[in-house]
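Inspection log for the structure reproduced underneath, given as structure tokens.
The values are calculated or read from the model by the stated rules, or taken from the named source; none is laboratory data. Note that the structure is predicted; figures quoted are calculated from it, not measured. A quick note on method: Cβ atoms are made from the backbone with ideal geometry, for glycine too, and the neighbour counts reach across all protein chains shown. Please note that ligands, DNA and RNA were not included when accessible areas were found on the heavy atoms of the full protein model with its side chains. Shrake-Rupley method; radii C 1.70, N 1.55, O 1.52, S 1.80 Å.
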Amino acid sequence: MNDARHPSDAPRPGPPLWLLAELTYRCPLHCVFCYNPVDFARHDQELDTDTWIRVLEQARELGSVQCGFSGGEPLLRDDLEILVARAHELGYYTNLLTSGVGLTQTRAKALRDAGLDHVQLSFQDSTRELNDFLSHTRTFDLKQRVARIIKDQGWPMVLNCVVHRLNIDYVDKLLEMALELGAEYLEMANTQFYSWAEVNRPHLLPSREQLERAEAVTNAFRERHGDRLRVFFVVPDYYEQRPKKCMNGWGNVFLTVAPDGAALPCHTARMLPGFEFPSVTDTPVREIWYESDAFNRFRGTGWMKEPCRSCDEKEIDLGGCRCQAFMISGDAAAADPVCSKSPDRGRIDEFVAQAQTAEPAAAERPLVFRDPKNSRALGAGWETS
């Protein structure tokens, strides 16, 4: 069949190797860069335990090997230990992505006994003041305690900190904090501008000088400490000239299941208009992955428009990010505007130029914190650009 659902050049994909189980959008934090959809308050239904177990079983039968439990804050689910235990029984490598809120010694032991393999703990900054400001909560001391709990349970110490204009000048302190906590891995992921980060972009996009200084500090730290701490520094898309192979290609490796059961090729795809994303409540995972329009729409390269269609790099990046294309150009099938060949690259350059000033356009609107009230306002059409 040669149509939008089954592009003629798209080979049958392999299995969804990585299953991201977004258990809930509830979260005690209010981070200004949260990747949950800005209208999360509209999607307040959550799958029950039995349905999640069915999803785990169907995805594993299909070939999934790694399962991440995330949110919101997944520890707000009372059945987390049950889900982790079933995933472990099925043979998944299991990963918990958490703010740390709710991870007591007792619960950590229960999760360890259930078979949890890996915990990724998020920090907002290396200082109490900025960590608590950015999350709009008093959680810095709690996160320090949780880091010690993770070490006590024998899990790899993996820290994550979203880096942006407000904290990028202090990456040296973040690196030292990670070392003091005994972390094996630190991911400093510069903000990518989706969801709440896109709403707050003028506040969060660093200048080129800030970015280059932070990279130099990070590289010097690597030279001093070698393998004592593995550091990943992810540059913001806007400072690149070519797009990333987003999610390793649309519907190629990653399957996200939202709290209400919507199956998504990536965690932000729900923003795209004209899609009917299938639900695991009434459609088997195999059918979703192989047969649904939503997962076939941007597989391969047959869907591409110019300049992507004739580009000799199209197999490398597979067109980049569909959500980014939609946010900037209004067309999900357009070239990723990060690409210097895109006719919409000028919009990205405008954002970058604004970020070079000492006082970017942030003053036009205060920071918008993630909470249900703001979510309902954004979902009702609050202008975000």
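Please state which of the following conditions SER340 fails to meet, knowing it meets all the rest: (1) over 17 Å from GLU198 (Cα atoms); (2) among the small types (Gly, Ala, Ser); (3) open to solvent by less than 50 Å² (accessible area, probe 1.4 Å).
SER340 satisfies every listed condition except (3).
Does region 359-367 include one or more residues that are within 30 Å of TRP52 (Cβ to Cβ) and either out of contact with any Gly (no Cβ under 6 Å at 6 or more places or on another chain) or modelled with pLDDT under 95 (or both)?
Taking region 359-367 first, the residues within 30 Å of TRP52 (Cβ to Cβ) are none.
No: region 359-367 contains no residue that is within 30 Å of TRP52 (Cβ to Cβ) and either out of contact with any Gly (no Cβ under 6 Å at 6 or more places or on another chain) or modelled with pLDDT under 95 (or both).
Residues checked against (1) out of contact with any strand residue (DSSP E or B) (no Cβ under 6 Å at 6 or more places or on another chain); (2) open to solvent by less than 10 Å² (accessible area, probe 1.4 Å); (3) farther than 17 Å from TYR238 by Cα:
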| position | (1), (2), (3) |
| --- | --- |
| ARG299 | yes, yes, yes |
| CYS323 | yes, yes, no |
| ASP331 | yes, no, yes |
| ILE348 | yes, yes, no |
| VAL352 | yes, no, no |
| ALA358 | yes, no, yes |
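For region 126-176, give me each residue that is part of a helix (DSSP H, G or I) and touching a His at 6+ places or on another chain (Cβ under 7 Å).
Just the residues of region 126-176 that are part of a helix (DSSP H, G or I), to begin with: 128-135, 140-152, 168-176.
Correct list: SER135 only.
Evaluate the following for GLY72: is it in contact (Cβ under 8 Å) with a residue 12 or more places away in the chain, in contact with a Lys or Arg (Cβ under 7 Å, 6 or more places away or on another chain) and farther than 14 Å from ILE150 by Cα?
Values: in contact (Cβ under 8 Å) with a residue 12 or more places away in the chain: yes; in contact with a Lys or Arg (Cβ under 7 Å, 6 or more places away or on another chain): yes; farther than 14 Å from ILE150 by Cα: yes.
Considered against the rule, which asks whether it is in contact (Cβ under 8 Å) with a residue 12 or more places away in the chain, in contact with a Lys or Arg (Cβ under 7 Å, 6 or more places away or on another chain) and farther than 14 Å from ILE150 by Cα, GLY72 comes out as yes.
Sort out for me the helices (runs of 4 or more DSSP H) sitting completely within region 177-259 that have 2 or more residues that are surrounded by fewer than 17 Cβ atoms within 10 Å (Cβ to Cβ).
Answer list for region 177-259: 208-225.
Which members of region 304-336 meet the condition of being closer than 13 Å to THR268 by Cβ and either touching a residue at least 40 places away in the same chain (Cβ under 8 Å) or not in a helix (DSSP H, G or I) (or both)?
Passing the criteria: CYS321, ARG322, CYS323, GLN324, PHE326, MET327, ALA332.
Residue by residue, here is whether (1) surrounded by fewer than 17 Cβ atoms within 10 Å (Cβ to Cβ); (2) of a type outside the set (D, E, K, R); (3) over 18 Å from ASN160 (Cα atoms) holds:
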| residue | (1), (2), (3) |
| --- | --- |
| LEU75 | no, yes, no |
| ALA85 | no, yes, yes |
| GLU89 | yes, no, yes |
| TYR93 | yes, yes, yes |
| GLY100 | no, yes, no |
| THR104 | yes, yes, yes |
| ALA114 | no, yes, yes |
| HIS118 | yes, yes, no |
| ASP125 | no, no, no |
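Quick one: in region 260-284, which of the residues that are assigned to a helix (DSSP H, G or I) and open to solvent by 30 Å² or more (accessible area, probe 1.4 Å) is farthest from LEU47 (Cα to Cα)?
Applying the first criterion (assigned to a helix (DSSP H, G or I)) to region 260-284 yields 269-271.
Next, from what is left, pick out any that are open to solvent by 30 Å² or more (accessible area, probe 1.4 Å): 270-271.
Values: ARG270: 17, MET271: 21 Å.
Once the filter is applied, the top-ranked residue is MET271.
Of all residues in region 127-152, count the ones that are open to solvent by 40 Å² or more (accessible area, probe 1.4 Å), under 23 Å from ASN95 (Cβ atoms) and in contact with a helix residue (DSSP H, G or I) (Cβ under 8 Å, 6 or more places away or on another chain).
Here the count works out to 1.
Please count how many residues of region 1-40 are modelled with pLDDT of 90 or more, of a type in the set (A, V, I, L, M) and surrounded by fewer than 18 Cβ atoms within 10 Å (Cβ to Cβ).
1
Residues in region 297-323 that are modelled with pLDDT of 95 or more and among the polar types (S, T, N, Q): how many?
Of the residues in region 297-323, 1 are modelled with pLDDT of 95 or more and among the polar types (S, T, N, Q).
What single numbered condition from (1) among the hydrophobic types (A, V, I, L, M, F, W, C); (2) surrounded by fewer than 20 Cβ atoms within 10 Å (Cβ to Cβ); (3) within 25 Å of PHE275 (Cα to Cα); (4) modelled with pLDDT of 90 or more fails to hold for TRP382?
Of everything listed in (1) among the hydrophobic types (A, V, I, L, M, F, W, C); (2) surrounded by fewer than 20 Cβ atoms within 10 Å (Cβ to Cβ); (3) within 25 Å of PHE275 (Cα to Cα); (4) modelled with pLDDT of 90 or more, TRP382 misses just condition (4).
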